Structure formats: C-alpha cells, structure tokens
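Engineer: Pasting in a structure now, in structure tokens, and then I'll have a few things to ask.
What follows draws every value from the coordinates through simple rules; no lab data is involved. Source: prediction; values computed, not measured. Neighbour counts are summed over all protein chains in view; Cβ atoms, including those assigned to glycine, are modelled from backbone coordinates with ideal geometry.
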Amino acid sequence: MKTKIIKVSTVPMSLNLLLKGQLKMLSEHYDVLAVSSPGDELEVVANREGVRVKAVPMQRRIAPIKDMKSLIQLIRLFREERPWMVHSITPKAGLLSMLAAKICGVPVRIHMFTGLLFPNAKGLKRWLLMFTDWLTCKCATVVNPEGEGVKRDLEKAHITSKPMVIIGNGNINGIDVEYYSRSEVVMALSRKYQRNDCFTFCFVGRVVGDKGMNELACAFQRLINDNKKVRLLIVGSFEDKLDPVQPQTKDYFQHSEHVDFMGWQDDIRPFLAASDAFVFPSYREGFPNVLLQAGAMDLPIISTDINGANEIVRHGENGVLIPTKDEEQLYQAMKRFVEQPQEIKKMAEKARQMIVDRYEQRAFWKHLLEFYSSLD
C-alpha cells in the first residue's frame, strides 16, 4: 500500500501550471491527493496527472469567516484521509493546511515559500503578513523556500529558526527542457510572429505595476527615439483591479506601432522563439519560472536583481541584472542589447545550457523524491 501525501494550493491554476507532470510522477511512488479551491482546472489536473482531487474553497485575500470555514473543511479532510504528508505551495493554502495538519497530527508538514509579500509591505499589513508566515512555519515540520533569496528574507526577518530546505537548485518543479526548446514545431508556429528587420524584446507575465511595466514603457519609448528598428512583444493581460499600470502605459502598449500586445496565451513558446531577448523588470519574485522558460529558449535576459532572478541570471554570462524601479538602468541595458550584438550573441549561446545544467525537470524530480525519502 502506497504512503499517502496531499499537495495543497489555494487555486487550481497553481496545481495545473506549476506542478504539471510532478503529480503524475509522484503517483508512481505515493498515493497522491491534490487539493485546491473549486475550478475547471482541478478536473484538468485529475485527468492529466491521474491523481485524486478534492475541492476546498479558499480565499486568496484575508477573509476571517471564510478562512475559518476552509480550515474546518481541511481538518475534516485530513482526519478522513490520514495522510503521512501535507505539502502546500501557496500562501493561504500554506497557512490553512499547515494549521489543519498540525491539529490533525499529520507527521510531515511541509510548506514551500514560492515568494514573500511582507518585504514590500508596510505598517500593519507588513506585520500581519509576517505573522501569518511565522504561524505557517510554526505549524510546519519542514520549511521549504523556493530559492536562496526567499530563504535569506525569512532568516533576516526572523520568521523561523527551523532548518530550511531548498530542493535541488531551487524552483518548484524544474523545467521541461524538451518542451521549452526551439523544436521544428515551435519554430514553425513562431514564423508569423518573427520580424527580421528589427531587434525584438519579449515580456511574458501579468501586465501590472509591480512587474515594472510602467518603467518598461518609459524605457522602451526612449529606445524608440534612438532606434526605430526595435520591437516589444508582450504576452500577458492587464489587471485593472489589482495593481493596474498607469493609464498612459496601458494606452502605449495597446496602440504603439512598435509594440505587439498579444494578450494571454496558453503557449508562450512561439513568442519566445520569435524574440531576440527577454526583459523582466519585476519588483519582486520568489523564483520566476518565466526566466527558466526564456533561458531554455536560448534568450539572453535583462532582469531586475531580485530573489530568484539573481539565481537564474548570472550577470554578464546569460544576461544582465539591473536595480528595481530604475528606468534609466533599464533603458541603458536595452540599448546595450541592441547596440552590441556580438556580446549578446555570446550570452544567448550560454543561455539554454545554463538552465539545462541546473534546472532540468527530471533532475529536480529526483531531488524531490530523495527529499521525501529522507523524511521517512
């Protein structure tokens, strides 16, 4: 009889996108149950990964009454299932499932910190976020930061004194380097987005303020004034309620002849393959998967010097690192990429291999299984 483990995320999209393939792999060794809020993607996970799923409503934001209801449902579920391990991967799921697992006496309780909110918060909100992270760690038996930067922030803020374990070289699932490659299929799909008459920068992600999109708009407009033969390819969607970009930024991205705004896309590979470089001016991350994807697609990267990104990008080797919220440095880096093609070509030649060597998915899965086995 297989040992039972439960993986928990707040929303089904996290299970579907972040743990793709991992749940199926784990099911070969364990009895796996995946838990998240209800949603169509939960059934997608069940069918693709071949694991059982269970819907427990959870709110991403603070909602005391609904959070208490979620906690009670998780307690009931854990008492019924009696798992050996509960491993959570997102903040609210971490808080609720670690509390529930502690109450139920689950032997192994792991929370993975994929990113921290408190370092950029202030006042009462910062205190509350630090408290919830402290409580999550207090209830966990193992604290699992996604990368060295997240680990340092937890240590610096004295969130926990427990030993912290980073799996492999970091990240949540590694990267499928066969899928993210310039295969014949991908290159054929990319042809309608390619332009040989200009240098193309690509951004993939939520088009919001804390992704550095206002600075990107300003820096790119300055670049256009220097050189008309540049293009910005944006793959993502605006969020008008949560951290929206400035109105002039939104207008520019939607109407500039030098910007191709593609909206949300299920498959980002054709757009990466149609680009010359990746630009990522985010203010904060845990361990940005999109940089692994861009690097695996042979793209040199311009990124801010933030958690995760500064572990993936080695300055001067496969990209460059710049300060956050610095329009001038972003402009200078983009200008350098356009004006120094030989230097950028050398970075591009190293980009994929640096990702393969450190973050290949099957190597990560091996580390994950070894980590689980060490907890027996």
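Engineer: Give the angle, between 0 and 90 degrees and rounded to the nearest 10, that separates the Cα long axis of helix 327-339 from the longest principal axis of the Cα atoms of the chain.
Structural biologist: So the inclination is approximately 60 degrees.
Engineer: Relative contact order of the chain: what whole-number percent is it, with Cα pairs under 8 angstrom and at least 6 residues apart? Can you show the working numbers first?
Structural biologist: Working: 716 pairs, mean separation 51.4, N = 376.
After rounding, I find 14 percent.
Engineer: How about residue 250: which lysines have a C-alpha closer than 30 Å to its C-alpha, ignoring those fewer than 8 places off in the same chain?
Structural biologist: Leaving aside lysines fewer than 8 places away in the same chain, those within reach of residue 250 are 122, 125, 192, 211, 228, 229, 241, 325, 335.
Engineer: Taking residue 345 as the anchor, which aspartates and glutamates have their alpha carbon closer than 16 Å to its alpha carbon, excluding any fewer than eight residues away along the same chain?
Structural biologist: Correct list for residue 345: 276, 298, 317.
Engineer: Toward the positive end of the charge dipole of the chain, about the Cα centre and with charges on Cβ (Lys, Arg +1; Asp, Glu -1), which of 230, 13, 131 goes farthest?
Structural biologist: 131
Engineer: Follow-up question, since we're still on this one. For residue 7, list the lysines whose Cα falls under 23 Å from its own Cα; do not include residues on the same chain fewer than 8 positions away.
Structural biologist: 20, 24, 54, 66, 69, 92, 102, 138, 151, 162, 366
Engineer: For labels at residue 256 and residue 134 in the simple 7 Å Cα→Cβ model, what's the distance in nm?
Structural biologist: It is 4.4 nm.
Engineer: Using the per-residue mean of other Cβ atoms lying within 10 Å as a proxy for protection, in what order, highest first, do the peptides 90-100, 143-153 fall? Please report the intermediate quantities before stating the final value.
Structural biologist: On the way: 90-100: 25.6, 143-153: 22.1.
Per-residue mean Cβ counts within 10 Å order the peptides as 90-100, 143-153.
Engineer: Let me ask something else. Taking the Cα centre of the chain as origin and charging only Cβ (+1 Lys, Arg; -1 Asp, Glu), how large is the dipole, in debye to the nearest 20? Before the final figure, lay out the partial values.
Structural biologist: Numbers: 51 positive and 45 negative charges, 225 e Å.
The calculation lands at about 1080 debye.
Engineer: Please give the contour-minus-distance gain from residue 44 to residue 122: 0.36 nm per residue of separation, less the Cα-Cα distance, rounded to one decimal in nm. Intermediate values should be presented prior to the final figure.
Structural biologist: Numbers: separation 78, 0.36 × 78 = 28.08 nm, distance 3.83 nm.
That pair, residue 44 and residue 122, stretches by 24.3 nm at full extension.
Engineer: Can you pull the one-decimal nm distance between simple spin-label points at residue 72 and residue 339, each 7 Å off the Cα toward Cβ?
Structural biologist: Computed distance between label sites residue 72 and residue 339 equals 6.5 nm.
Engineer: May I ask for log10 I(q)/I(0) of the range 184-359 at q = 0.19 Å⁻¹, from a Debye sum over the Cα atoms as equal point scatterers with solvent left out?
Structural biologist: -1.36
Engineer: Quick one: putting +1 on the C-beta of Lys and Arg, -1 on the C-beta of Asp and Glu, what dipole do you get for the range 184-359 around its Cα centre, in Debye to the nearest 20? Could the numbers behind the result be given before it?
Structural biologist: Working: 22 positive and 26 negative charges, 65 e Å.
So the magnitude is around 320 debye.
Engineer: Given the DSSP H assignment, sum -39500 (n - 2.57) over each helix run of at least 4 residues in the chain and divide by its residue total; what's the result at 222 nm in deg cm²/dmol, nearest 500? Show your work: numbers first, answer last.
Structural biologist: Details: 15 runs with 167 residues, N = 376.
Per the formula, -13500 deg cm²/dmol.
Engineer: A further question on this structure: Taking Cα pairs under 8 Å and at least six residues apart, what relative contact order does the range 184-359 come out at, in percent? Don't skip to the answer; put the middle values down first.
Structural biologist: Values: 322 pairs, mean separation 42.1, N = 176.
Reported relative contact order: 24 percent.
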